[in-house]
1. Please report, largest first and rounded to whole Å, the three semi-axes of the ellipsoid equivalent to region A:16-89, where each semi-axis is the square root of five times an eigenvalue of the C-alpha gyration tensor.
2. Provide A:159, B:270, B:229 in ascending order of the number of other Cβ atoms located within 10 Å of each residue's Cβ, fewest first.
3. What relative contact order, as a whole-number percentage, does region B:110-293 give when Cα pairs under 8 Å and 6 or more residues apart are counted?
4. Output, in nm with one decimal and in ascending order, the distances from the residue B:75 label point to the matching label points of the other copies (7 Å from Cα along Cα-to-Cβ).
5. Output the relative contact order of region A:16-89, whole-number percent, from Cα pairs under 8 angstrom with separation of 6+ residues.
6. In the P(r) worked out for region B:110-293, what percent of Cα pairs fall beyond 24 Å?
7. Say each of residue B:129 and residue A:58 gets a label point 7 Å from the Cα, pointing the same way as Cα to Cβ; how far apart are those two points in nm?
8. Between copies, how close do the residue A:60 label points come, placed 7 Å along Cα→Cβ, listed in nm from shortest?
DNA sequence: ACGCCCAGTGAAAGTAAGTTTCATCCGTGG
DNA sequence: CCACGGATGAAACTTACTTTCACTGGGCGT
């Protein structure tokens with residue numbers, strides 16, 4: 001029916017802006033220009049007329065409309081009022097935080113700390129806001145019932161994958177993580193119906209992870225993707241897609257905000273799975289906690 | 001010029017609705033009908049088109065415009081976005097967050113997500129608040145000037161240590177991380193004055209990490225501890241102590257909140273170090289980013 | 001290398017929304 | 001009873017939004 005793949009923006013009450021920035025890479029260049037303007041200053045965009053906005057983005061009105069559709073709106077007026085609402089909601093605390101994406105060259109450490117913390121915290125919050133509980137539920141179900149869970153991730157996302165694996169393992173689930181692609185592929189080949197494969201890639205374009213997930217899917221496993229970009233390639237090989245909402249700016253913050261967001265999602269899944277079977281989980285956790293006890297020194301109340 | 005008595009609504013951000021209902025009696029009958037609709041459901045009014053609203057108020061578009069002017073707006077579109085903003089704001093307060101520390105046994109996933117995200121975000125924020133910029137500064141100085149940096153951490157904190165190592169490495173610093181205690185001890189023994197050793201332990205009681213840090217200190221290296229507990233044993237072997245502010249509750253959230261807090265601190269240090277030498281850093285980052293490019297598939301706009 | 005195809009784009013036509021104008025209505029006071 | 005003026009809606013008008021369509025340029029198969 002519709003040739004333009006609208007990504008529903010309906011079930012994400014708190015995050016139109018977030019939603020848009022997630023979609024940013026999947027937009028055409030001209031639409032991206034529009035998107036950037038909108039994300040940069042939603043309130044201002046809401047004030048502008050479509051012609052005005054188009055001019056500002058150095059494009060035509062037609063493109064602005066296309067952009068509206070791309071992000072799930074019916075038309076410009078709808079985008080406008082949604083933006084206005086959004087902007088009103090995010091009336092930041094009175095203090096003039098150094099929030100903008102970037103950190104000024106001459107910033108002192110206190111500023112840097114404030115900025116980073118703010119962005120990190122926001123990534124976590126916004127991720128939670130846009131997470132679809134229904135999808136989480138399905139993923140939790142699948143993992144809870146899985147005979148085996150493989151978690152894939154490369155580079156920075158590898159840490160998260162590893163973390164997830166460890167968490168699942170700690171509550172008695174059979175979970176694996178492979179730092180090496182070849183090993184991962186081998187493992188994926190051994191998966192079957194009822195098993196679950198989780199692929200983590202911030203950009204959603206990491207070919208290693210995609211391949212492995214594809215393999216897993218071919219074998220009949222349920223595949224889950226965790227990425228920041230809802231239209232990235234990895235989502236094509238996933239049965240369930242979970243997204244984070246980190247708006248990475250430049251290199252500076254590296255992938256930290258996105259990593260935090262990923263960890264939050266992983267934590268949610270973990271708790272969800274754990275909650276499914278309290279007793280079993282608790283027992284396993286106590287056992288593992290006890291195991292590391294010997295590696296701790298006395299309670300260490302006060303020093304000296 | 002203006003024969004209609006505009007009542008400026010510009011500088012009362014909090015109460016467009018209040019403002020309107022205030023001057024309701026001064027409006028003409030037809031305008032009052034419009035006003036009542038607007039006050040009754042601002043969000044709904046914002047969604048309507050002028051014709052639609054006029055019809056609903058059993059009047060003409062002209063009257064709606066007059067109403068807009070009467071309440072200080074330039075025209076209908078402006079009223080519309082103001083209403084949208086207003087409505088959005090007043091929906092916020094009643095949000096009953098499931099904030100409490102713990103997750104009730106019967107909680108559904110949406111609740112779990114909200115709780116976790118809240119706690120995670122708070123850990124990040126609170127950590128930033130209590131971080132001492134002066135200490136950070138000294139640590140950044142030390143790392144920036146270090147010939148070599150060793151990062152230690154076990155278990156969950158190991159991820160963070162590893163992350164820090166990788167970050168430093170990416171900007172061209174000589175940094176190491178060792179998953180294995182023995183190797184770490186060996187490495188610590190090779191440190192000397194001017195080098196830096198960073199020990200990460202949430203509890204501050206992980207003997208492995210403490211021992212290694214102790215060793216490093218004995219060799220003359222500057223030691224840094226990152227822990228949640230400012231009086232824990234690890235602080236005794238550290239020249240500089242950085243603390244996180246995660247209040248872990250029970251097992252449920254596992255160590256995630258603390259991990260996020262640690263990552264945030266690490267990120268701050270990283271950015272601090274990176275900021276010290278922009279040029280060098282940027283170059284190194286570009287090079288490393290380029291290196292992984294081949295492992296990515298095309299921009300992945302839209303799916304099939 | 002060539003040409004086909006198709007996503008991306010803006011110009012322009014078309015439609016809908018918003019605004020102004022103006023004639024009418026109606027109540028009031030001379 | 002008429003003149004007046006505020007209130008109002010119909011219609012003309014303007015501006016904003018949407019659709020259509022033709023053109024471009026890059027990718028891909030032959």
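FYI, it's all coordinate maths here, none of it is from the lab. Since this is a predicted model, take the numbers as computed values, not measurements. Using ideal geometry, Cβ is built from the backbone for each residue, glycine included, and neighbour counts are taken over all protein chains shown.
1. So the three semi-axes of region A:16-89 are 16, 14, 11 Å.
2. B:229, A:159, B:270
3. 26
4. Label point to label point, same position, other copies: 1.5 nm.
5. 36
6. 35
7. Distance between label points: 4.4 nm.
8. 3.7
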